[in-house]
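Step one of this worksheet: look at the structure below.
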Amino acid sequence: MKPEIRPARKEDIDALCRICSEEMGYPCAPELVEAKWMGLDPRREAVFVAVLGDNGPVGYIHVERYDVLYFETMANILGLAVRSDFQRNGIGKALISQAEAWAKEHGIHLMRLNSGISRTGAHEFYRRQGYVQEKEQLRFTKEI
């Protein structure tokens, strides 16, 4: 069965939270996801869900316009996850295709994403979609 890919809606928030927690390892509260979803700027970002039959959203992708001073505008995939019981069924590929179509609609012709070093399965998936590893880097954060 082919998934329906559509823009995320408010009623998808619980499913998005569950997918982020269970599949990406980012425990979150539905209230946080709702606040973030309400603050999305449709001029520069989009969230799409994959719906499969009566299962509700089984995957999602969050893409944004990404601008830096030193490079052409890119589309940045901020999050992509598919429920483990629905992986390897073309859902991730369909979500990436939707994000790429969104980018083209916005005049963007270069995609980028970051993936944690330990997510080797995801790395292989991205390579199969035509993405190439450009560099290795470290990410630094600081609570202030």
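Here's the yes/no breakdown for (1) aliphatic (A, V, I, L, M); (2) within 25 Å of H109 (Cβ to Cβ); (3) assigned to a strand (DSSP E or B); (4) open to solvent by 40 Å² or more (accessible area, probe 1.4 Å):
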{"residue": "I13", "(1), (2), (3), (4)": "yes, no, no, no"}
{"residue": "L32", "(1), (2), (3), (4)": "yes, no, no, yes"}
{"residue": "D54", "(1), (2), (3), (4)": "no, no, no, yes"}
{"residue": "V63", "(1), (2), (3), (4)": "yes, yes, yes, no"}
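Just give me the residues in region 65-78 being of a type in the set (A, V, I, L, M) and either under 19 Å from G130 (Cα atoms) or surrounded by 19 or more Cβ atoms within 10 Å (Cβ to Cβ) (or both), in sequence order.
Of everything in region 65-78, those that are of a type in the set (A, V, I, L, M) and either under 19 Å from G130 (Cα atoms) or surrounded by 19 or more Cβ atoms within 10 Å (Cβ to Cβ) (or both) turn out to be M74, A75, I77, L78.
Can you name the number of the only condition in (1) more than 14 Å from the chain's Cα centre (by Cα); (2) surrounded by 15 or more Cβ atoms within 10 Å (Cβ to Cβ); (3) at negative phi that G90 fails?
(3)
When S84 is evaluated against the numbered criteria (1) small (G, A, S); (2) free of Cβ contacts under 8 Å to residues at least 60 places away in the same chain; (3) closer than 18 Å to Y26 by Cα, which criterion, by number, is the only one it fails?
(2)
Which numbered condition in (1) closer than 21 Å to A8 by Cα; (2) over 12 Å from the mean Cα position of the chain (by Cα); (3) modelled with pLDDT under 95 is the only one that R119 fails?
(1)
Tell me the residue from A81, A103 that is in contact with an Asp or Glu (Cβ under 8 Å, 6 or more places away or on another chain) and either surrounded by 13 or more Cβ atoms within 10 Å (Cβ to Cβ) or part of a loop (DSSP other than H, G, I, E, B) (or both), please.
When all the criteria are applied, what remains is A81.
Scan region 112-137 for residues that are among the hydrophobic types (A, V, I, L, M, F, W, C), open to solvent by 90 Å² or more (accessible area, probe 1.4 Å) and under 15 Å from G79 (Cβ atoms) and report the count.
Final tally of qualifying residues: 0.
Checking the condition of a type in the set (A, V, I, L, M, F, W, C) and either closer than 15 Å to I61 by Cα or in a helix (DSSP H, G or I) (or both), which residue from I96, I108 passes?
I96
Of the residues C20, C28, which single one is at pLDDT 90 or above and either closer than 15 Å to L78 by Cβ or part of a loop (DSSP other than H, G, I, E, B) (or both)?
C20
Scan region 1-48 for residues that are among the small types (G, A, S) and within 13 Å of the chain's Cα centre (by Cα) and report the count.
2
In region 17-69, which residues are touching a Cys at 6+ places or on another chain (Cβ under 9 Å) and within 19 Å of I96 (Cβ to Cβ)?
Once the filter is applied, which keeps residues that are touching a Cys at 6+ places or on another chain (Cβ under 9 Å) and within 19 Å of I96 (Cβ to Cβ), region 17-69 yields C20, Y60.
The values are calculated or read from the model by the stated rules, or taken from the named source; none is laboratory data. Since the model is a prediction, treat every value here as computed from it, not as a measurement. Note that each Cβ is placed from the backbone with ideal geometry, even for glycine, and that neighbours are counted across all protein chains shown. Keep in mind that these areas ignore ligands, DNA and RNA; they rest on the heavy atoms of the full protein, side chains included. Shrake-Rupley method; radii C 1.70, N 1.55, O 1.52, S 1.80 Å.
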